[in-house]
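Read the structure below first, then the notes.
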Amino acid sequence: MNFAVISTEIFILCLGLFAIVMDLVLPAKESHKSIGAVLIFALTGWFLYMFTLYQGPLNPMEPEAMAVIADKFFYQGMYFVDNYALFFKQMFILATVFTMLFASDYVQSVLRYKGEFYALLLMALLGMCVLASATDFLTMFIGLELMTISFYILTGARMSSKDSSEAAVKYLIIGSVSTATMLYGISLVYGATGSIQFFEVCRNPHLFFPLGIAGITMVLIGFFFKLSIIPFHMWAPDVYQGAPTPITAMLAMGSKAAGIAAFMRALYVAFPMLGMYWLPLLAVLCAICMIFGNIMAMKQKDVKRMLAYSSIAQAGYMMVGIIAADTAGMKATMFYAVLYVFANVGAFAVLAVVEAQKGSTTHRMMNGLAQSAPVLAAVMTISLLSMAGIPPTAGFAGKLYLFTAVVDQGYLWLAFVGFVMSMISVYYYLLVAKAMYLGKWDGSKLNISGTTRAAVVLSVLATILIGVWPEKLAELTNLAANTFLH
């Protein structure tokens, strides 16, 4: 066993235990913001350290390259830490750091169990990291459940809110159904191929038999539930609306990106020979997500619920790159996932402040935000325009990469659908901007802490910088995609 390979996971686990101990040591009436501050500092340091772990391009035919690749496995091919996994782990850590930044005031003023919030958030992060590196179905399933069970608890963390409790119960019930579906599919794949390792499953001809096809179908359905792909999206709106806003942000950023990471590895490593079956299916589901996600978002009066339907459409955009099934498509998906993190940080940081101080996140509560908190109104507008793909924000560069990759593979119609739906999404995003800038102000002022201000400013700067100068992020995603596919 090569424990150096799982150093990131060990570090996150230790931080989670540290958060629990620190919560026990601190007096009950003492502010728990110090827990978040220590965790943010530690995670940021590890995030920067991970840049030194990337491996340059290798030629698989050279003996030295095979030795390097073998050194990246933890145990018997179950866990692989390549550039692809490192990239996604950095993304998860980044999303967690930003969430802790803007959640510190929300946790202190709204939630009853503060230390547990940080510990469970780190356990969810640990599950995401396991998903990024899993190369067999059992390890993947463990990572998925570690992440999901943590989110079940965190969704119901607002003990005084009926909406939060209702969202947690719905998430638990529907999530359990998706878990059972995926696990049964894994058992069928194992029954057909005699293995749960991606590399072994890929080479087994019995995967093409009815038992194997049925297993693959159920595994894909399990993924569709986790990614809230239509028609398996029914949990997302209620959970996004009822959960504490920082947890809604992590569901939109981290959970979705983790699902995409595991989904792409499973498709490209375990099931690549079945592309003739799953590519047309994904293309249809992708178009349905983009169309109906945006249409349903137009009718929402609650901004968090609107962003839930928007996230369904965003999942469709990310799947556009997966459908391309090449280096350019994978690069585009990874690129878009990063900028989606920054856009969500800006939007949900604003909503966290509004919810904590006004009680809800309806359009009516957003009225006059430009007068009560001009910085928050500007950040929300830029973040929403990035999600819509308006230049010069990062969203424009991300969608350009996605649509270019899929057009090169002959899916011109899918790019056209994505382009039209992106323009339609501008309508409901601008409804929020209209409420903030033209809505009647009630005269109240919003208090913005230093950590929240730092989170929103950094997210907007990243959104604009990536939109104007996407080269460095594109190089990193290109390195991760190339080494993965080769």
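The values are calculated or read from the model by the stated rules, or taken from the named source; none is laboratory data. From a predicted model like this one, the values you see are computed outputs, not experimental measurements. Cβ atoms come from the backbone with ideal geometry, glycine included; neighbour counts cover every protein chain shown. These accessible areas exclude ligands, DNA and RNA; they are computed on the full protein's heavy atoms, side chains included. Shrake-Rupley method; radii C 1.70, N 1.55, O 1.52, S 1.80 Å.
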The extension gain from Trp413 to Asn447, computed as 0.36 nm times the residue separation minus the Cα-Cα distance, is 7.5 nm
With Cα coordinates, the longest principal axis of the chain makes an angle with the long axis of helix 450-468, in degrees rounded to 10, of 50
If you put +1 on each Lys and Arg Cβ and -1 on each Asp and Glu Cβ, how big is the dipole of segment 240-376 around its Cα centre, in Debye rounded to 20?
260
Applying the gyration tensor rule to the Cα atoms of segment 293-350 (axes a ≥ b ≥ c; rounded if a/c under 1.5, else prolate if a/b exceeds b/c, else oblate), the class is oblate
Taking the dipole about the Cα centre of the chain, with the C-beta of Lys and Arg at +1 and of Asp and Glu at -1, give me whichever of Gln314, Tyr184, Ala347 is farthest to the positive side.
Ala347
Protein accessible area in segment 251-342, 1.4 Å probe - carbon and sulfur %:
72
In degrees, nearest 10, range 0 to 90: what is the angle between the Cα axis of helix 256-265 and the longest Cα principal axis of the chain?
10
Name the shape class, rounded, prolate or oblate, that the alpha-carbon gyration tensor gives for the chain, where a ≥ b ≥ c are the square roots of its eigenvalues, rounded holds for a/c under 1.5, and otherwise prolate holds if a/b is larger than b/c and oblate otherwise.
prolate
The chain: relative contact order in percent, alpha carbon pairs under 8 Å with at least 6 residues between:
16
Cβ-placed point charges (K, R +1; D, E -1), dipole of the chain about Cα centre in debye, nearest 20
1460
Over the chain, with neighbouring protein chains present, the accessible area per residue in Å² at probe 1.4 Å is 38
Gain in span if fully extended, Ile464 to Tyr277, counting 0.36 nm per residue against the direct Cα distance
63.4 nm
If you fit an axis through the alpha-carbon atoms of helix 83-110 and take the longest principal axis of the Cα set of the chain, what angle between them do you get, 0 to 90°, nearest 10?
20
Once amide H atoms are placed 1.01 Å from N in the peptide plane, what residues at a sequence separation of 5 or more from Thr362, or on another chain, have their amide H within under 5 Å of its amide H?
Val303
List, in order, the whole-Hz ³J(HN,Hα) value for each residue of segment 214-231 obtained from phi through the Karplus relation with A = 6.51, B = -1.76, C = 1.60 and θ = phi - 60°; use x for Gly and Pro.
5, x, 4, 4, 6, 5, 5, 4, x, 5, 4, 4, 5, 8, 6, 8, 4, x
Enter the accessible area of Val38 (Å², nearest 10), with the probe set to 1.4 Å and all protein chains included.
60
Residues of segment 158-198 with backbone nitrogen within less than 12 Å of a virtual label 7 Å along the Cα-to-Cβ line of Glu116, please, listed as ranges.
158-160
Just to verify a number: what accessible area does Val81 come out at with the full protein assembly present, 1.4 Å probe, Å² rounded to tens?
20
Hey, what's the Kirkwood Rh for segment 138-287 if you take every pair of different alpha carbons, in angstrom?
16.0
Please list, in chain and number order, the residues 5+ apart from Asp136 or on another chain whose amide H is under 5 Å from its amide H, with Hs placed from the backbone.
Phe198
From the Cα gyration tensor of segment 358-486, with a ≥ b ≥ c the square roots of its eigenvalues, which class applies: rounded if a/c is under 1.5, or else prolate if a/b is larger than b/c, or else oblate?
oblate
